[in-house]
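Here, each number is a calculation from the coordinates, and none is a lab measurement. Here the structure is a predicted model, which is why all the values come from computation and not from measurement. A quick note on method: Cβ atoms are made from the backbone with ideal geometry, for glycine too, and the neighbour counts reach across all protein chains shown.
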Amino acid sequence: MSLANTADRYGSLSKTFHWLTALLIITLIPLGVVANRMAYQLKSSSAPADDLVAQTAWLFSLHKTLGVAVFFVAVLRILWALSQPKPGLLHPDRKLESFAAETVHWLLYGSLVVVPLSGWIHHAAASGFAPIWWPFGQTLPLVPKSEALAGVMAGAHWVLTKVLVASVLLHIAGALKHHVIDKDATLRRMWFGRADISATDPKHKHAAPITAALALWALALSGGAALGVYAPHDGAVDVAELEEVQSDWQVQSGTLGITVTQLGSEVEGQFADWTAAISFDETVQNGVAGSVEVTIAIGSLTLGSVTDQAMGPDFLDAQTFPTATYVADIIPVVDGYEAQGTLTIKDQSVPITLPFGLSIDGDTASMTGGLTLDRRTFGIGDNMADESSLHFAVGVDVRLTATRAPAE
């Protein structure tokens with residue numbers, strides 16, 4: 001059997017691409033359904049067990065890895081198809097049927113590229129959870145870490161998957177119709193071996209089917225927008241409204257970030273809403289130079305793809321404990337300063353020392369500090385008793401710029 005196509009027959013390489021793609025797709029679709037159901041189970045569970053987290057992540061990693069494989073197989077298949085003659089239609093006189101078949105073919109070809117690509121972009125834009133199993137990293141060129149982009153791509157992947165499934169079902173139905181009802185060679189000529197096939201006209205009219213396929217994709221994506229599937233996350237947790245604070249030093253800008261390690265991958269997050277009341281006298285060299293009182297809106301945290309899980313009862317429990325506080329004295333030390341005080345999360349108050357560097361230029365001060373916390377100290381993730389799914393250590397990074405309030 002020839003590797004290349006002829007005007008009447010598909011070559012062995014085209015057949016191999018076809019059936020390899022079919023095998024990957026019929027594996028990926030149920031795998032994605034099962035993994036998504038387990039993800040919803042994780043979200044609804046107040047205390048997801050380690051093995052459930054690990055199993056869900058394993059299934060998602062397998063799904064993503066096979067999805068990337070589909071993308072490359074589809075690209076190679078399309079490049080090969082473009083270099084080959086396409087066997088003609090066995091029933092070119094059936095205009096409507098031929099148009100529908102060509103449209104479904106274009107939907108399939110396109111979906112085999114855009115479905116895995118949308119999932120891949122979502123993975124690259126999000127942070128954490130279920131890595132792709134390959135040695136080339138988890139990012140994509142020109143794709144930033146962005147929860148907004150990740151939300152859009154997750155929604156697009158969901159919508160485009162529905163188009164792919166519909167196209168596959170229509171493709172199968174058409175093939176069975178030809179084989180069972182028409183009893184022609186449409187299905188047989190895509191299988192290995194030789195089949196008796198009469199000569200066909202290799203000419204295909206592509207413009208109308210391609211236009212129809214593009215219109216169907218646009219209609220599906222517009223429907224997704226109407227359903228609101230492109231949002232970053234479900235926003236189920238209300239964010240506490242923090243009162244404005246009066247302070248000797250007014251915070252002008254800053255970040256309060258955390259880093260957790262889940263399934264061996266670091267996931268970075270930030271609290272969007274927090275306040276800091278600061279009193280400080282830079283002339284004090286010994287003893288207490290000032291104080292700081294920080295209030296954090298727990299619900300304002302974004303933590304990549306595990307944001308919703310982090311808000312749950314076994315973790316930060318943002319619904320019951322909407323804020324965390326840190327009250328400390330500022331103490332000069334040999335190589336900078338320390339904030340020595342008490343951090344309260346989920347009603348667990350723990351002595352915490354935050355070392356930080358400080359630079360002052362006139363009435364503007366900039367500080368950078370960081371420390372590592374143990375999540376178990378605050379009763380976070382108690383059901384995850386080992387570090388196989390979620391490490392105990394949580395990195396905290398604080399950066400801010402503040403200006404001295406004018407003297408009254």
(message) Give me the one-decimal nm value for the distance between modelled label points at Asp238 and Ser291, 7 Å along each residue's Cα-to-Cβ direction.
(response) 3.0 nm
(message) My understanding is that a pair violates if its Cα-Cα distance is over 22 Å; which of Lys162/Lys183; Lys15/Lys177; Lys95/Lys162; Lys64/Lys145; Lys64/Lys162; Lys15/Lys86 do that in this structure?
(response) Lys162/Lys183; Lys95/Lys162
(request) Only helical DSSP H runs with n ≥ 4 go in: add -39500 (n - 2.57) per run for the chain, normalise by residue count and round the 222 nm mean residue ellipticity to 500 deg cm²/dmol. (result) -13000 deg cm²/dmol
(message) Suppose the chain between Asn383 and Ala4 were pulled fully straight at 0.36 nm per residue; how much longer would it get relative to their current alpha carbon spacing?
(response) 130.7 nm
(message) Pairs of alpha-carbon atoms within less than 8 angstrom and 6+ residues apart define the contacts here; what relative contact order does the chain have, in percent?
(response) 15 percent
(message) Computed from the coordinates I sent, mean projected area of the Cα convex hull in nm² equals one of [x] 17.7; [y] 25.8; [z] 22.3. Tell me the label.
(response) [y]
(request) Assuming R0 = 41 Å, can you tell me the calculated FRET efficiency for the pair Asp374 and Ile172, based on Cβ-Cβ distance, to the nearest 0.05? (result) 0.15
(request) Helix by helix through the chain, keep the DSSP H runs that span 18 Å or more along the axis on Cα and average at least 1.6 on Kyte-Doolittle, and give those back in order. (result) 207-227
(request) Evaluate E = 1/(1 + (r/R0)^6) for Asp182 and Thr401, where r is the Cβ-Cβ distance and R0 equals 60 Å; express this FRET efficiency to the nearest 0.05. (result) 0.20
(request) Please order Phe356, Phe315 by the number of other Cβ within 10 Å, starting at the fewest. (result) Phe356, Phe315
